[in-house]
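First comes the structure, then the notes that go with it.
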Amino acid sequence: MNQASLEYWNNYWKDQEKPERVTAWQFGGSPDYLAQLVMDGVKKATCSGYIFYEVENEPLPTTEDYSVVLNSKDEPVAIIKTVDVQIMPMNEVPEEFAISEGEGDRTYQYWWDVHVEFFTKELREIGREYSKDMLLVCERFELVDVKR
């Protein structure tokens, strides 16, 4: 976590006991656009490829996790809390979840097309191939704070 994120996190909690599990990161693809959707209360979910957790040896998210959302300049813009995590094949992601990601025209087809393009590119970069049944880590979150 960078210094600005740490200061924001600490200032938000002030003298209260802070949760232990916090990371700072930006959304892939279009970090500013997606962060703004979160700040506007439109984006309430996100997903990532399970394979990336394995390759990067990263722990899977849990409902104990908080995140400082960063913009494209790595500046903190919001705090979110993960409230649900499910692992499922991409072609089994329900329409309601896809729409809760809040992107584009908020249709399942938009979600599908954008994610196929994104995962194809990201997987190619690590020497892997996209498949429609690739496992996704699907997270729902609540907006805790927007940095003012």
Next item on the list: Return the long-range amide H neighbours of A78 (sequence gap of 5 or more, or a different chain), with a cut-off of under 5 Å between placed amide H atoms.
Entry: V69, K147
Next item on the list: Under 20 Å from a label point 7 Å along Cα→Cβ of K14: give me every residue in segment 115-148 with its amide N that close.
Entry: 144-148
Check: Which value does Rg/Rh take for segment 38-148 over its C-alpha atoms, Rh per Kirkwood?
Finding: 0.96
Checklist line | Simple spin-label estimate for I126 and W112 in nanometres, 7 Å along Cα-Cβ | finding: 2.5 nm
Item checked: Candidate residues I80, I51: accessible-area rank, largest first, probe 1.4 Å -> I51, I80
Next item on the list: Obtain the nm distance between the two label points defined at L135 and D84 by a simple spin-label model: each point lies 7 Å from its Cα along the Cα-to-C-beta direction.
Entry: 2.0 nm
Next item on the list: Return the distance in nm (one decimal) between the two label points of a simple spin-label model at E64 and D105, each offset 7 Å from Cα along Cα→Cβ.
Entry: 4.3 nm
Next item on the list: Could you state how much accessible area Y53 has, in square angstrom rounded to the nearest 10, with a 1.4 Å probe and all protein chains kept in place?
Entry: 40 Å²
Checklist line | trypsin sites (Lys or Arg not before Pro) restricted to segment 85-127 and DSSP loop, no more than 12 other C-beta within 10 Å | finding: none
Margin query: Largest first, please: the extent of the C-alpha atoms of segment 30-102 along each principal axis, to the nearest Å.
Written below: 30, 30, 23
Next item on the list: Measure up K18/K43; K81/K147; K121/K147; K43/K81 against 22 Å on the Cα-Cα distance and list the ones that go over.
Entry: K18/K43; K121/K147
Check: Once every DSSP H run of n ≥ 4 in the chain is given -39500 (n - 2.57) and the sum is divided by its residues, what mean residue ellipticity at 222 nm do you get, rounded to the nearest 500 deg cm²/dmol?
Finding: -10000 deg cm²/dmol
Item checked: Of all DSSP beta bridges in the chain, antiparallel share, percent nearest 5 -> 85 percent
Notebook entry, point to check: So what are the ³J(HN,Hα) numbers for segment 61-76, from phi and the Karplus equation (6.51, -1.76, 1.60; θ = phi - 60°), rounded to whole Hz, Gly and Pro as x?
Noted result: x, 9, 6, 8, 7, 10, 9, 9, 7, 10, 8, 5, 9, 6, 9, x
Next item on the list: Would you rank M134, M39, M90 by solvent-accessible area, highest first, keeping every protein chain in place and using a 1.4 Å probe?
Entry: M39, M134, M90
Notebook entry, point to check: Karplus couplings for segment 128-144 from phi (6.51 cos²θ - 1.76 cosθ + 1.60, θ = phi - 60°), rounded to Hz, Gly and Pro as x?
Noted result: 10, 10, 6, 9, 5, 9, 4, 6, 10, 9, 9, 10, 9, 9, 10, 6, 9
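The values are calculated or read from the model by the stated rules, or taken from the named source; none is laboratory data. Bear in mind the structure is a predicted one, so any value in this text is a computation, not a measurement. Glycine gets a Cβ as well: all are built from the backbone with ideal geometry, and neighbour counts include every protein chain shown. Side chains included, ligands, DNA and RNA excluded: accessible areas come from the protein's heavy atoms. Shrake-Rupley method; radii C 1.70, N 1.55, O 1.52, S 1.80 Å.
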